[in-house]
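Worksheet for the structure shown next.
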Amino acid sequence: MSKSGFGSSDSISASGGASGGSDQQSERGAVPAVKTQRPRVRIQDIVPCNVNQLLSSTVLDTVFKVRGITVSQVSIVGIIRGAEKASNHICYKIDDMTAKPIEARQWFGREKVKQLTPLSVGLYVKVFGILKCPAGTKSLEVLKIYVLEDMNEFTVHILESVNAHMMLDKARGDATVQSVPVSASEVDDAGDNDESRRNFIRDEVLRLIQECPRLEGRSIHEIHAQLCHLGIQAIKEVIDYLTLEGHIYPTVDREHFKSAD
């Protein structure tokens with residue numbers, strides 16, 4: 001997303017900004033024995049939003065869209081209206097006055113959460129998180145949260161939100177005109193001028209993996225069946241790229257992949 005002119009300053013690492021991701025998995029459900037170790041996720045495509053956009057977003061098979069734009073990792077700025085500590089997480093209610101407050105859960109291990117004190121109600125904070133919809137209620141899984149030191153950050157966030165969604169909307173419109181099938185040879189021969197085409201193919205492969213609800217994820221051959229105009233080698237190259245970037249990870253073998261979102 002940094003190539004689009006926003007998000008680079010907000011890029012964070014799951015190892016630095018995330019709140020106990022491994023603890024979260026162990027507390028919320030056992031990981032299948034066949035699953036290989038999940039690589040650390042690099043959060044790069046963080047879309048600044050307001051709470052109303054998140055609560056009014058549409059969701060289909062865990063894919064969220066705001067005005068037709070797919071979003072997952074987002075940032076919001078607002079005031080803490082509530083803060084409650086549970087056995088393995090802290091639940092904040094964040095209000096930016098665009099809609100009712102949204103719940104933002106920061107997960108920890110059971111022992112660690114006992115030692116923590118939630119941020120105070122009334123503080124203005126910036127939250128980086130992943131949009132979720134458990135039990136039909138949209139909420140945020142907190143990757144990072146910090147108190148604003150300068151209220152100008154609130155204004156900057158509003159401007160970033162408007163700019164980001166305008167740019168994403170334009171990019172979505174540009175992508176719709178790319179309806180001509182792309183051959184494997186075209187992908188292999190693509191130069192710097194074809195970066196947008198490569199990004200489009202990567203987005204398509206990532207979308208197919210994200211839409212798969214199975215624990216083992218989607219296989220390379222299933223992806224090839226959906227994108228039959230691409231060769232297996234071209235798809236494997238895209239898979240390697242998405243794996244290195246932390247967007248996906250292998251599951252039962254090197255042929256099946258699951259989304260890291």
Derived scalar couplings ³J(HN,Hα) [the range 61-73; Karplus, 6.51 cos²θ - 1.76 cosθ + 1.60; whole Hz; x for Gly, Pro]: 6, 6, 9, 9, 9, 10, 6, x, 9, 6, 10, 9, 7
Can you give the relative contact order of the range 98-153 as a percent, counting alpha carbon pairs under 8 Å and 6+ residues apart? 39
Calculate, for residue 91 and residue 152, the FRET efficiency according to 1/(1 + (r/R0)^6) with r their C-beta to C-beta distance and R0 25 Å; round to the nearest 0.05. 0.35
Virtual spin-label span in nm between residue 244 and residue 232, 7 Å along Cα→Cβ: 2.2
Ignoring ligands, DNA and RNA, what accessible area per residue does the range 60-104 give at 1.4 Å, in Å²? 43
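The values are calculated or read from the model by the stated rules, or taken from the named source; none is laboratory data. The model shown is predicted, which means the values in this text are computed figures rather than measured ones. So basically every Cβ, Gly included, is an ideal-geometry build from the backbone, and we count neighbours across all protein chains shown. We work out accessible area using only protein heavy atoms, side chains counted, and drop any ligands, DNA or RNA first. Shrake-Rupley method; radii C 1.70, N 1.55, O 1.52, S 1.80 Å.
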